[in-house]
Amino acid sequence: MKLPPFLLGATLLFWGWQTGFWIIAIPLAIIYESSRYINWRWNLATADFRSTSHICTVLLVGVLIYLLVSDRSLQLIFSFFQWLPVICSPLVIAQAYSTSDRVDLHALLVFKEQANQKQLFPLDLTYPYFALCILAASAANVRDLFFYAGAVFLIGHVLITIRSKRFSVLVFISLLILATALGAAGHIGLHRGQIALQQNTARFFYRFYRPQTDPNQITTAIGDIGSVKQSNKIVLRLKPASGQIAPTLIRQATYNKYSSGFWGATKAEFVPIKAGNNNTWILENGYPEKREVTISENLDEGRGLLKLPQGSFRVNKLPVEKVEQNQYGTVQAIAEPSFLSYQIQYNPQLSFASPPTAEDLQIPKLEQSAIARIINELELASKSPQEILSTVNRFFSTEFSYSLKLARQRRDRTPLSAFLLRHRSGHCEYFATATTLLLRGVGIPTRYTVGYSVHELSRLERQYVVRARHAHAWTQVYINGKWQAFDTTPASWIAIEDNAASNWQHFQDLTSLIGFQFSQLLAIVKNIEIRRLWWLIFPLGFILVRFSRQRQKRRLTALRIKQNAVEYNIGADSEIYLIERELNKLGLAREQAETWQNWLKRLQNASDNSAIFDGLYAIVKLHYRYRFDPHGIGVREREQLRSACRAWLEQYQSTLNSDR
Amino acid sequence: MKFLYHLFCLGYKVQQWLLKRFTSAGLAILVSLVATVIVGIDTKQTVTYQVFAFMIATLIIAVTFSCYFPARFDVQRQLPRFATVGSRLFYRVAITNRNQKLQAGLLFIEEIADPKFSLTEFKQIITSNSNKGSVNSLTYIYYRWLCAIAQKRKAKTKAIALPSLKPNSTTEIRGEITPTHRGVVRLQGITILRPDPFNLFNATKTVKQAGSLLVLPKRYQLPVFNLPGSRRSQSGSVSLASSVGDSEEFISLRDYRPGDPLNKIHWKSWAKTGKPVVKEEKSEYFVRHALILDTFQSQKHSEILEEAVAVAASFAWDFHTQESLLDLMFVGLESYCFTTGRGLGSKEQMLEILAGVTACQDNFDCLMAAVVEKVSMLSGCICILISWDQQRRKLVNYLRGFKIPLLVLLITENEQQHEDLNLENLYVLPLGKIQAALMNIRSI
């Protein structure tokens, strides 16, 4: 069954509307739908369709190159999805203008060309292309009601065409409405479910694993609903040089492109930093006026972003394989997972990030109206940069409040527009993003920076501790030829974050300190050179000798016990035991702990024929020698014992028989 | 291995269930669902999850709707005894609607018996030698598994739309089966399908109705040609043959010799002489041809063997058996020789036998021995070979030594491999071009 007339054209227009690719969508729709009015057709064989699919491949490569050049963040994947209808359009148009209404599946590039292709798999490409257009439109991520309504309308149109004629249109429409309602409820539930799952999972796993910040892209909580909760875990420790003050903000990564809750670093290119002597890494040439700070943290993965104060130009005592820096000042270290304690030299007055580019002034289309409205409201256009900064700072500190609870937004506004125009409450990501875009609106180049706020001085450790919940975001503003940190988040955020601290925090801090000290000790041991350990030879040698002596002693004891066991068994094969067994049979058992001598005496006393036992005394004596004499008995004596026992037994048997 | 076996069995069951329960549109929705899951896994990055939710909602409604299908049907199918590979078979099916309501928009599909494989058979399938693809490749193992299933099912069916079924009345419709492999097709019932309003998912009602059908081998069209050959003595071997041609002709009487058949005793002479006397008759002379089918290969099934059987069936069918005999000789589980012609047996029986031919994995000498036994009586011979090696060459040379007309047909996958074969009356029939190659055969 064919797609209903004009449906594919409408779908193409829908895709163009959602993605903003009107210039491509309109001609494509016209070209495809014109095939209904143009009567001439090409007689295309499978080979011709294969050639057409080669054009698609060329388009695919072209689109990929364009995307790689223009945007190297992870958003590229979603941008690529948006381009899919363009890439596949030659095949669909070829089908529309060919004499055949189907294309052999073998014509598509994924299938190899075979010499004797017997089976054909004819496929009407319009249906897959229809699905592709809807999918591509969804990748544009326009979060308004129109996408869902449009998608339902288009899919519903297909369903009504293929519907079962057994049922009336009324039944069909009722069920379609039900499906639409269920779908709406379902997708809202899915979205909220994912956010809840993310929050809970992140909270759970943060205890074991600290996720790395991606230097190319970061996902903010902008647009999420519910409350943002961070862990109390100490992620790093900071100790300024004596007599110096600690930096208030330490930067981790900087980004310059915003899109629907994501910040990305455009064309970020990491350049390796040259290693100096003694694990020193020089980010920029030295400056006489400097401050020093030591940062201790665990590098959980093999790759991690260094936390650096503004104007860092040198890192000492950093035992890593490689250090790289991108043009935005983000520094990345590559090393085995280990504990790091590095010293940073910095000058807060300096900035080494690359000069601003066109991307540092870009505002996403969806946010432009809200930004323009605020700029007008604050009359920023007519002010000098310094005045703008103070106005914006005042605006956010007086008109806005800090909150970790994120409100639900209206569907017709973006979360950021809703923050600026309606609820005016949010966390640092909202403030930093809004400030970044607002200043761009008045022509000041800005960038978005994430890192940590340093404000908690630990009495226990006598150094600053930075917890996961101290993670912060602010703006880098390019004024007077250098980048400067500009933080508009109301100062109350620290108090609000601290209120979220757990009751177990002190206990956690103590265990964390023990772990820290142990890691530090291990790091020290690891760094000690072998030649300095010569003095350890004596105590270690002493321990070794003592240990080996003890071991030898234990071995000798074990050997002795074994030998004793062998000695104990000597004489066990004496034939005297045959006599004992015979006497046992007659009820004349030898009692436990009764010696042979005593037993014989007892037997003689009890027996009428005591003379017969007289011969046993000599045998017993010989047996005792065989059994207990350390020198043992000779072969002849042994034979004598054997024959004497047998002779006595025979005599005893004959006596018994004669008695009977 | 055991895990793979259970996985494949489960996979087959799931596939059958999906194909029966989901309509084409339903399957398209399923594929789209997978695509939306991949693209829309993160609900923050795209809004694909909205499309996913809508499609899942339609599917849920469709599946829920299929739970209620309170209809009752009776089915009677009139199945012919035979079908031929590759030729669609049409037959009559009478469906009785036992409800008080008109049933419209229904479909029906034939249920072919589940081709159950044991673990041993499965091992044979996946370890059998093949020159295609890598034996260890999972994809290729699955491909072989699918081939084995198709081989065992032997036929394909598809859902056919039913006309509106009036209440409490019987409607006769035309069923359709496409046989794909020779052998017995076992049908176990007919399933009536009712799609939901979205036409995505089918409600089903299966009526058990066992039936079977013998699928005869495919036949090719043969050129008109005669296999010459002089008549040979057929001493008493065709006693059941009709009297067409050389009938029993009396020559003389002689004394009984142990071993003479009882029907040859001349009772009147015995009564006169008092000792057993038998009639001596003139020996029978007529044309007898052999159709030798080579079934020796390492695999259990192969396309070459199927084609060889098809070519043999074509000759067996086209052979004029009024005045001559045709011996079909091949080796399956044991050595077989079936004779037809002169009123003995029929062409249909020959095709039935060919429908059951299986590959022989024994020594080629078995066939050689069977041929040696019959060769003195043969007037001509058609040899259908599936390979060319020393043993087969020996067979052909042996037959050639008897100076009887011989036609050798070699079926091969690779035509170039046998280009240098320059034997008289040997024709190479490449796979895929067999019909064309057969038309080139000239009379011997």
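Please compute the length gained on full extension between A:Asp498 and A:Lys601, using 0.36 nm multiplied by the number of residues separating them and subtracting their Cα-Cα distance. Before the final figure, lay out each step's value.
Numbers: separation 103, 0.36 × 103 = 37.08 nm, distance 9.63 nm.
Difference between extended and current length: 27.4 nm.
Which listed residue (B:Thr64, B:Ile190, B:Val34) has the Cα farthest towards the positive end of the charge dipole for region B:2-216, taking +1 on Lys and Arg C-beta and -1 on Asp and Glu C-beta about the Cα centre?
B:Ile190
Within a 10 angstrom radius of the beta carbon, how do B:Thr46, B:Thr295 rank from fewest other beta carbons to most? Don't skip to the end; give the middle numbers.
On the way: B:Thr46 27, B:Thr295 23.
The fewest-first ordering by Cβ neighbours comes to B:Thr295, B:Thr46.
Regarding region B:285-439, what whole-number volume in Å³ per residue does the convex hull of its Cα atoms give?
Details: hull volume 17.1 nm³, N = 155.
It is 110 Å³ per residue.
For the protein assembly as shown, count the residues as N, evaluate 2.2 N^0.38 Å, and divide the Cα radius of gyration by that value, please. Numbers along the way, then the final one.
Numbers: Rg = 48.6 Å, N = 1104, 2.2 N^0.38 = 31.5 Å.
Output field value: 1.54.
At what distance in nm do the modelled label points of A:Ile514 and A:Ser397 sit from each other, each positioned 7 Å from its Cα along Cα→Cβ?
4.4 nm
What does the C-alpha gyration tensor say about the overall shape of region B:1-114? Classify as rounded when a/c is under 1.5, otherwise prolate if a/b is larger than b/c, or oblate. Show your work: numbers first, answer last.
Working: a/c = 2.71, a/b = 1.56, b/c = 1.74.
It comes out oblate by the Cα gyration axes.
What are the GluC sites (Glu not before Pro) within region A:345-435 that DSSP puts in a loop, where the Cβ has at most 11 other Cβ atoms within 10 Å?
On the way: sites: A:Glu359, A:Glu367, A:Glu377, A:Glu379, A:Glu387, A:Glu399, A:Glu429; in loops: A:Glu379.
Listed in order of number, the matching sites are A:Glu379.
For A:Tyr617 and A:Leu544, what does the FRET efficiency come to when R0 = 51 Å and r is the distance between their Cβ atoms, rounded to the nearest 0.05?
On the way: r = 59 Å, r/R0 = 1.16.
The calculated FRET efficiency here is 0.30.
Toward the positive end of the charge dipole of chain A, about the Cα centre and with charges on Cβ (Lys, Arg +1; Asp, Glu -1), which of A:Val320, A:Ile77, A:Ala107 goes farthest?
A:Val320
Calculate how steeply helix A:7-19 sits against the longest principal axis of the alpha-carbon atoms of chain A, using the helix alpha-carbon long axis, and give the answer as 0 to 90 degrees to the nearest 10.
Tilt relative to chain A: about 80 degrees.
Using the alpha-carbon atoms, what tilt in degrees (0 to 90, nearest 10) does helix B:138-153 show relative to the longest principal axis of chain B?
60 degrees
Rounded if a/c is under 1.5, else prolate if a/b is larger than b/c, else oblate: which is chain A, with a ≥ b ≥ c the root eigenvalues of its Cα gyration tensor?
Values: a/c = 3.31, a/b = 1.89, b/c = 1.75.
Note, shape of chain A comes out prolate.
Provide the FRET efficiency to the nearest 0.05 for the B:Ala161-B:Ile38 pair, computing r from the beta carbons and using R0 = 30 Å.
Numbers: r = 35 Å, r/R0 = 1.15.
After rounding, the FRET efficiency stands at 0.30.
For region B:285-439, what is the number of Lys pairs with C-alpha distance below 23 angstrom, counting only pairs 8 or more positions apart or on separate chains? Numbers along the way, then the final one.
Numbers: B:Lys347/B:Lys374; B:Lys374/B:Lys394; B:Lys374/B:Lys403; B:Lys394/B:Lys403.
So the count of such lysine pairs works out to 4.
Taking neighbour counts of Cβ atoms within 10 Å as a proxy for exposure, in what order, fewest first, do A:Leu60, B:Leu262 appear? Mind showing how you got there, number by number?
Values: A:Leu60 17, B:Leu262 7.
Listing A:Leu60, B:Leu262 from fewest to most nearby Cβ atoms yields B:Leu262, A:Leu60.
How big is region A:54-97 along each principal axis, measuring the range of its Cα positions in Å and listing the largest first?
Largest first, region A:54-97 extends 38, 16, 10 Å along its Cα principal axes.
What does the average come to when, for each residue of peptide A:148-157, you count the partner chain Cβ atoms lying within 10 Å of its Cβ? Walk me through the numbers before you get to the answer.
Details: counts 5, 1, 0, 6, 5, 0, 1, 6, 3, 0.
The mean count of partner-chain Cβ atoms within 10 Å per residue comes to 3.
Explain nothing, just the number: relative contact order of chain B, from Cα pairs under 8 Å at least 6 residues apart, as a whole percent.
On the way: 816 pairs, mean separation 62.6, N = 444.
About 14 percent, as a whole number.
Using only the Cα atoms of region B:2-216, construct the convex hull and provide its projected area averaged over every direction, in square nanometres to one decimal.
On the way: hull surface 59.0 nm².
Taking a quarter of the hull surface, the average projection is 14.7 nm².
For region B:285-439, with only Lys/Arg (+1) and Asp/Glu (-1) charged at the beta-carbon, what is the dipole magnitude about the Cα centre, in debye rounded to 20? Walk me through the intermediate numbers first.
On the way: 11 positive and 19 negative charges, 102 e Å.
The dipole of region B:285-439 has a size of about 480 debye.
At 7 Å along Cα-to-Cβ for each site, give me the label-to-label distance between A:Ile38 and A:Gln592 in nm.
11.4 nm
In straight Cα distance, which lysines are under 26 Å from A:Lys365, not counting same-chain residues fewer than 8 positions off?
Excluding near neighbours in sequence, the set is A:Lys257, A:Lys267, A:Lys383, B:Lys44.
For region A:7-162, how big is the tail of P(r) above 28 Å, as a whole percent of Cα pairs?
Details: 2975 of 12090 pairs.
Summing the P(r) of region A:7-162 above 28 Å gives 25 percent of all pairs.
Among the lysines, which fall within straight-line cross-link reach of A:Lys239, defined as a Cα-Cα distance under 25 Å, with same-chain neighbours fewer than 8 residues apart omitted?
Straight-line reach from A:Lys239, under 25 Å: A:Lys290, A:Lys307, A:Lys317, A:Lys322, A:Lys526.
Given +1 on the Cβ of Lys and Arg, -1 on the Cβ of Asp and Glu, and no further charges, what dipole in debye does region B:92-195 carry about its Cα centre, rounded to the nearest 20? Kindly include the intermediate steps, with their values, before the conclusion.
Numbers: 17 positive and 6 negative charges, 14 e Å.
So the dipole magnitude of region B:92-195 works out to roughly 60 debye.
Among A:Val58, A:Ala491, A:Phe121, which residue has its Cα positioned farthest towards the positive end of the charge dipole of chain A, with +1 placed on the Cβ of Lys and Arg, -1 on the Cβ of Asp and Glu, and the dipole taken about the Cα centre?
Positive-most Cα among the choices belongs to A:Ala491.
For region A:1-102, which trypsin sites (Lys or Arg not before Pro) are both in a DSSP coil and crowded by at most 11 other Cβ atoms within 10 Å? Please report the intermediate quantities before stating the final value.
Working: sites: A:Lys2, A:Arg36, A:Arg41, A:Arg50, A:Arg72, A:Arg102; in loops: A:Lys2, A:Arg36, A:Arg41, A:Arg72, A:Arg102.
Hits after loop and neighbour filter: A:Lys2, A:Arg36.
Per residue of A:166-176, count partner chain C-beta atoms within 10 Å of its C-beta, then hand back the mean as an integer. Spell out each step's value before the answer.
Numbers: counts 11, 8, 1, 1, 0, 2, 4, 1, 1, 9, 6.
Across A:166-176, the average partner-chain Cβ count within 10 Å equals 4.
Just tell me which lysines come within less than 22 Å, Cα to Cα, of B:Lys101; anything on the same chain fewer than 8 places away is out.
Straight-line reach from B:Lys101, under 22 Å: A:Lys165, B:Lys166, B:Lys205.
Peptide B:192-198: average number of partner chain Cβ atoms within 10 Å per residue?
Per residue, the number of nearby Cβ atoms from other chains is 6 on average.
If you place +1 on the Cβ of every Lys and Arg and -1 on the Cβ of every Asp and Glu, how big does the dipole about the Cα centre of chain B come out, in debye to the nearest 20?
Values: 52 positive and 36 negative charges, 288 e Å.
The calculated dipole for chain B is roughly 1380 debye.
At 0.36 nm per residue, minus the direct Cα-Cα distance, what do A:Phe507 and A:Ile188 gain on full extension? Give it in nm, one decimal, please.
Values: separation 319, 0.36 × 319 = 114.84 nm, distance 4.02 nm.
The A:Phe507-A:Ile188 span can extend by a further 110.8 nm.
Rounded, prolate or oblate: which fits chain B, taking a ≥ b ≥ c as square roots of the Cα gyration tensor eigenvalues, rounded meaning a/c under 1.5, else prolate when a/b beats b/c? If you can, show how the numbers build up before the last one.
Values: a/c = 3.08, a/b = 1.91, b/c = 1.61.
Prolate, since a/c reaches 1.5 and a/b exceeds b/c.
As I understand it, the value is the acute angle between the Cα axis of helix B:48-66 and the longest principal axis of the Cα atoms of chain B; what does it come to in degrees, rounded to 10?
Result, in degrees: 60.
So, in nm, how far is label A:Arg581 from label B:Leu19 when the simple model puts each one 7 Å beyond its Cα toward the Cβ?
Taking the simple label geometry, A:Arg581 and B:Leu19 are separated by 8.1 nm.
Please find the FRET efficiency linking A:Gln463 to A:Phe352, where r is the Cβ-Cβ separation and R0 is fixed at 22 Å, and quote it to the nearest 0.05.
Details: r = 26 Å, r/R0 = 1.20.
The pair A:Gln463/A:Phe352 has a calculated efficiency of 0.25.
Bear in mind that the values in this text are calculations on the coordinates, not laboratory data. Bear in mind the structure is a predicted one, so any value in this text is a computation, not a measurement. Here the Cβ is made from the backbone with ideal geometry for all residues, glycine too, and neighbour counts use every protein chain on show.
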